[in-house]
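Enquirer: Here's a structure for you.
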Amino acid sequence: MSVRVRFAPSPTGTLHVGGARTALYNYLFARANGGRFILRIEDTDTARSTDDSVQAIFAGLRWLGLEWDEGPGAEGAHGPYFQSERRERYQHHLRTLEASSAVYPCFCSPEELEARRAEQLAGGAGPRYDGRCRRLSAPERAEALASRRPAAWRFATPTDGETAWDDVLRDRVEFRNEVLEDFVVMRSDGLPTYNYACVVDDHEMEITHVVRGDDHISNTPRQRLLYDAFGWTAPQFAHVPMILGADGSRLSKRHGATSVGAYAELGMIPEAMVNFLALLGWSYDGERELFTLAELEQLFRLERVGKNPAIFDLQKLEWMNGQHLKRLSEPDRVERVTQFLAQSGHDLSARTPEWRLTLVRAIGDRLKTLADARRYAAFCLEDPLVRDESAWTPVLERPKIGPRLREMSLRIEADGEFSLTSLEAAIRSLAAERGLKLGDLIGAARIALTGGQVSPGFFEVVWLLGRDRAVTRLREAAGEWERNSPLAAAGS
Ligand code: GLU
């Protein structure tokens, strides 16, 4: 039987890191086994599901490169793929469960249930359904149904015995049935509960393996009971350990960004995100860390997903991102930087391809995230210059800065060719003529041109600014030094 797996998000928010990892593992497992990857939107919670969230999930999966073989927009033989469009299927199968008395109608109102729950809690007992409607006699039940009292449908859970399965990623998991209570499969408003809809869909969609977060472990015995009640073969279950933040607690907003889209905004590229997510629980040989999606599609083995929770280490993601940025072809890297800057409001379309290329080369290996491009390029993208005063103030204590900045501005102005080579030659010869080391000559000029001491290479900085802006900034800084330096008046 060929592998069929699914990612089944509830569209109640963005695609978060945990969901993206689940999607990735399902996708990779399908690809590594020549199987199918299905996307199913579990939108039966009508109050919380939104179309924006559906779109965010699509966008997140596409950004990561996880195209689904079947699902919304890729209709297959097992659709529809929105649970909200499958209500008739849930009703249909409910009749089977009803016929075999695997389920019974429950007429208890939400208020009654709440009052009993409060009572149980007050008495120190764990709250659970007390089985009242299960004990109705056949005539009582028939009468209540005939009077059209709103009814939910509950599963008649066995009161003894165990429900167990051999999880692909852990040892045998067992639950005593008595702790499972008579859970609702269909609410009185005609909407299925998650456990029930999930089983109907996984069966109808011929899912062979359910790979999902271990926060669903407590749902699995209920789902298995439903498979048994239907007489269907259950898929294999693989519960993936959770993701923890650096402090060891479950990854949450407290730890920073949790949505995949937020990482894109931080300047991560999908190649790195996929690599990083893959290693949040899975490992190849415990050593190798860099993989492309295509490589992962070949190498992924479900059995190599660990049993322990994985730690989300942002520094590692940044390192990986830098590595994947380096592996891109240069035109591709330029394109990503250009697009990222455009999204941050810096449209480079009026710049020449050579300018964009020079910018990316000038940033070089400093580019760990695309946001680094925004930081290192700020000097030439934004006017007026934002200056780091702690870098500039000491310059006022140094002699001859004003005259040198002016001299440099004259050389730049006079450089007709204005290329990286000609600029370098002009500035080096100025340094030699004045008996200065190049570094001493350009230190203050770098602050004058970029606002700080850390920047891309100096000649690139001048070139990227262009002659006029470079000259203006050097002269403005010279003027400031002349007005404010105690050494200016001394004529030094
Ligand atoms: N809709 C569920 C969720 O988003 C799916 C769980 C499952 O994979 O069965 O958590």
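The values are calculated or read from the model by the stated rules, or taken from the named source; none is laboratory data. Given the structure is predicted, the values throughout are model-derived calculations rather than measurements. Note: ideal-geometry Cβ built from the backbone for every residue, glycine included; neighbour counts use all protein chains shown. The accessibility values were calculated without ligands, DNA or RNA, using every heavy atom of the protein model including side chains. Shrake-Rupley method; radii C 1.70, N 1.55, O 1.52, S 1.80 Å.
Enquirer: Can you check how the C-alpha radius of gyration of the stretch 403-492 compares to 2.2 N^0.38 Å, as a plain ratio?
Expert: In units of the 2.2 N^0.38 Å rule of thumb, it is 1.03.
Enquirer: Full extension from E114 to D313: what is 0.36 nm times the residue separation minus their Cα-Cα distance, to one decimal in nm?
Expert: 67.4 nm
Enquirer: Within the stretch 1-95, list the GluC sites (Glu not before Pro) lying in a DSSP loop whose Cβ has at most 10 other Cβ atoms in a 10 Å radius.
Expert: none
Enquirer: While we're here: Any chance you could look up the accessible area of C133 with a 1.4 Å probe, heavy atoms only, rounded to 10 Å²?
Expert: Surface open to solvent at C133 totals about 10 Å².
Enquirer: Per DSSP H run of at least 4 residues, take -39500 (n - 2.57); add these up for the chain, divide by its residues and hand me the 222 nm value, nearest 500 deg cm²/dmol.
Expert: About -14500 deg cm²/dmol.
Enquirer: Any idea what % of Cα-Cα pairs in the chain are farther than 41 Å? Please report the intermediate quantities before stating the final value.
Expert: On the way: 50506 of 120786 pairs.
The share of Cα pairs beyond 41 Å in the chain comes to 42 percent.
Enquirer: A further question on this structure: Less than 13 Å Cβ to Cβ from F312, Lys/Arg counted +1 and Asp/Glu -1: what total charge do the surrounding residues give?
Expert: Net of charged neighbours comes to +2.
Enquirer: Could I ask something else about it? From the Cα gyration tensor of the stretch 252-338, with a ≥ b ≥ c the square roots of its eigenvalues, which class applies: rounded if a/c is under 1.5, or else prolate if a/b is larger than b/c, or else oblate?
Expert: oblate
Enquirer: Show which lysines lie in cross-link reach of K437 when reach means a straight Cα distance below 25 angstrom and same-chain residues fewer than eight apart are skipped.
Expert: Cα-Cα hits under 25 Å: K400.
Enquirer: Another question, then. Expressed as a whole percentage, what fraction of the accessible surface of the stretch 43-195 belongs to carbon and sulfur atoms when a 1.4 Å probe is rolled over the protein heavy atoms?
Expert: Details: 4150 of 8370 Å².
Carbon and sulfur: 50 percent of the exposed surface of the stretch 43-195.
Enquirer: Counting alpha carbon pairs within less than 8 Å and at least 6 residues apart, what relative contact order, in whole percent, applies to the chain?
Expert: Averaging sequence separation for qualifying contacts and normalising by length gives 13 percent for the chain.
Enquirer: Another question, then. For the stretch 241-303, take every pair of Cα atoms, bin their distances at 10 Å starting from 0, and report each bin as a whole percent.
Expert: 19, 45, 34, 3
Enquirer: Stretch Q339-R135 to full length: gain in nm at 0.36 nm per residue minus the Cα-Cα span?
Expert: Value of the extension gain: 67.0 nm.
Enquirer: Across the stretch 252-382, how many lysine pairs, 8 or more positions apart or on different chains, have C-alpha atoms separated by under 20 Å? Please give the number.
Expert: Counting lysine pairs in the stretch 252-382 gives 4.
Enquirer: Here's a follow-up. To one decimal place, what Kirkwood hydrodynamic radius in Å is obtained for the stretch 178-335 from all pairs of distinct Cα atoms?
Expert: 18.4 Å
Enquirer: Considering the convex hull of the alpha carbon atoms of the stretch 116-171, report its projected area averaged over all viewing directions, in nm², one decimal.
Expert: Orientation-averaged projected area of the Cα hull: 6.9 nm².
Enquirer: How much accessible area per residue does the chain have, in Å², with a 1.4 Å probe?
Expert: 47 Å²
Enquirer: What Cys residues in the chain have no fellow cysteine's beta-carbon under 4.7 angstrom?
Expert: So far as the 4.7 Å Cβ criterion goes, C108, C198, C380 stand without a partner in the chain.
Enquirer: Based on alpha-carbon centroids, what's the gap between the stretch 212-244 and the stretch 15-54 in Å, whole number please?
Expert: Centre-to-centre distance over Cα atoms comes out at 16 Å.
Enquirer: Between beta-carbons, use under 11 Å as the cut-off and find the net charge around R86, counting Lys and Arg +1, Asp and Glu -1. Write down the numbers at each step before the final one.
Expert: Values: positive: R40, R87, R89; negative: E42, D43, E85, E88, D201, E204.
Here the count lands on -3.
Enquirer: Accessible area of H209, 1.4 Å probe, to the nearest 10 Å²?
Expert: For H209, the solvent-accessible surface is approximately 30 Å².
Enquirer: May I ask for the distance between the Cα centers of the stretch 446-487 and the stretch 64-101, given as a whole number of Å?
Expert: Measuring centre to centre over Cα atoms gives 64 Å.
Enquirer: Follow-up question, since we're still on this one. Starting from the Cα of L436, step 7 Å along the direction of its Cβ; do the same at D415; then give the gap between the two resulting points in nm.
Expert: In this crude spin-label approximation the distance works out to 1.5 nm.
Enquirer: Calculate, for W355 and Q236, the FRET efficiency according to 1/(1 + (r/R0)^6) with r their C-beta to C-beta distance and R0 51 Å; round to the nearest 0.05.
Expert: That gives a FRET efficiency of 0.40.
Enquirer: Now, a different point. So, counting K/R as plus one and D/E as minus one, what does the shell of residues with Cβ under 11 Å around E206 add up to? All intermediate terms of the calculation are to be shown ahead of the outcome.
Expert: Values: positive: R4, R6, R36; negative: E70, D201, D202, E204.
After counting each charged neighbour, the total is -1.
Enquirer: Please work out the FRET efficiency for the pair E265 and E289, using the Cβ-Cβ distance as r and a Förster radius of 25 Å; give the result to the nearest 0.05.
Expert: 0.55
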